[in-house]
Amino acid sequence: MPDIAETSNWRIYSGSRVPHDGIDRLPAPPPWRTFSGGPALRTPPGDSGNPHAAVSYRPGEDAIRQVNAALYLRRPLLVTGAPGTGKSSLAYAVAHELGLGKVLHWPITSRVTLRDGLYEYDPLTRLYAAERARHDDGNGSGGDDIGDYLRLGPLGTALLPYERPRVLLIDEIDKSDIDLPNDLLTIFEKGAYEIVELARRAAPTARVMTADSTTDRVQIRDGTVSCRAFPLVVMTSNGEREFPPAFLRRCVTVDLKQPASVAELTAIVREHLGPVVEGEAGELPAGARDIIDRFFERRSGGLLANDQLLNAIYMCHHASFSEPPETVRKLADQVMPFLSSEATRSDGD
């Protein structure tokens, strides 16, 4: 592996959206973040899982720097920001550019526990299968493969001993139960976890399903999963709660800002909708530019998300073929309602 100092740029992730093998330049981790799970596994084939987000997302300088910091330090990345700023898209963009395979997505709700992210075990189905086998062969001694009833979750799969880090998206962690961030600390520090149902078995190995596939299995030995390359864990938060200091100090953080100008919004629209709405000269139509201006003006009156702008432009582009301009403008406002109660009455009709 070449020394990173020998390259012209320390950055592994550049935000170019062009796939490359830069991850192979990543140097050895800090001594306190070294993991040695095995045997080594290759990353399953395939792209990020969200091709549009992967190639249309435009990361800012802060996001690029902090992604690289998370890669170097083998630490989770906590991404905060208003809705629609691209927090989730960042994970897909990194996986696409660095060739890290399909993003493992773990959506969080208030009912989710650490165990849900690690693995799920279905003892009832296994019991029913054993009863059927006992009925068929008289003693139930055959056909009982625990791997048929145990599947690793997104977090559990990300911690398998892959040669290259997997990308794990823990979406909206601020919606979790109050204990989940602290529960994650131990897993992130150890880079390993135990599957109790396997550790209790006399057989030392088992082949189980993963979050990637129910057909391709991985071998687990002695009931323990240990990572080799610590995954790039992207945790998103809308800022709806505060996290414990112990959790924050073990994360690399980045706050994604809303676009600060009409030019930035226009660039986002071009990336997402250029082929749909641009004319032969490659210019956005006047109607789209008007909606961008309208969106930028209305943002001072309340919370708006960038995807609302994209929805409005897409809808109004098609409506403009048969509706008068005043109707199209009204449609745009209806597709871009304020997401908070802070909207002012001075915004217009």
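The values are calculated or read from the model by the stated rules, or taken from the named source; none is laboratory data. Everything quoted here is computed from the prediction, not taken from an experiment. Keep in mind that these areas ignore ligands, DNA and RNA; they rest on the heavy atoms of the full protein, side chains included. Shrake-Rupley method; radii C 1.70, N 1.55, O 1.52, S 1.80 Å.
Computed quantities for the displayed model
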| quantity | calculated |
| --- | --- |
| Semi-axis lengths, Å, segment 235-349, gyration tensor of Cα atoms, sqrt of 5 times eigenvalues | 32, 18, 11 |
| Computed Rg/Rh of the chain, alpha carbon atoms with Kirkwood Rh | 1.06 |
| Potential lengthening between R207 and V262 on full extension [0.36 nm per residue; Cα-Cα distance subtracted] | 14.4 nm |
| Degrees, to the nearest 10: 180-190 long Cα axis against longest axis of the chain | 60 |
| Largest-first ordering by accessible area, 1.4 Å probe, given options Y162, Y121, Y149 | Y121, Y149, Y162 |
| Gyration tensor verdict on segment 81-229 (Cα atoms; rounded if a/c is under 1.5, prolate if a/b is larger than b/c, oblate otherwise) | prolate |
| At 0.890 mPa s and 25 °C, Stokes diffusion of segment 19-111 via Kirkwood alpha-carbon radius, µm² per second | 166 |
| Largest-first ordering by accessible area, 1.4 Å probe, given options E197, E283, E323 | E283, E323, E197 |
| Mean accessible surface per residue for the chain, computed with a 1.4 Å probe while every protein chain stays in place, in Å² | 51 |
| Computed helical MRE - 222 nm, the chain, DSSP H runs ≥ 4 contributing -39500 (n - 2.57), nearest 500 | -11000 deg cm²/dmol |
| Residue among R134, R33, R65 with the largest mean-square fluctuation in a Gaussian network model of the chain, springs linking Cα atoms under 10 Å | R134 |
| Rounded, prolate or oblate (a/c below 1.5 giving rounded, otherwise prolate when a/b exceeds b/c) for segment 196-287 by Cα gyration tensor | oblate |
| Value of Rg/Rh across segment 6-72 [Cα atoms, Kirkwood radius] | 0.99 |
| Portion, in percent, of the accessible area of the chain that falls on carbon or sulfur, probe 1.4 Å | 51 |
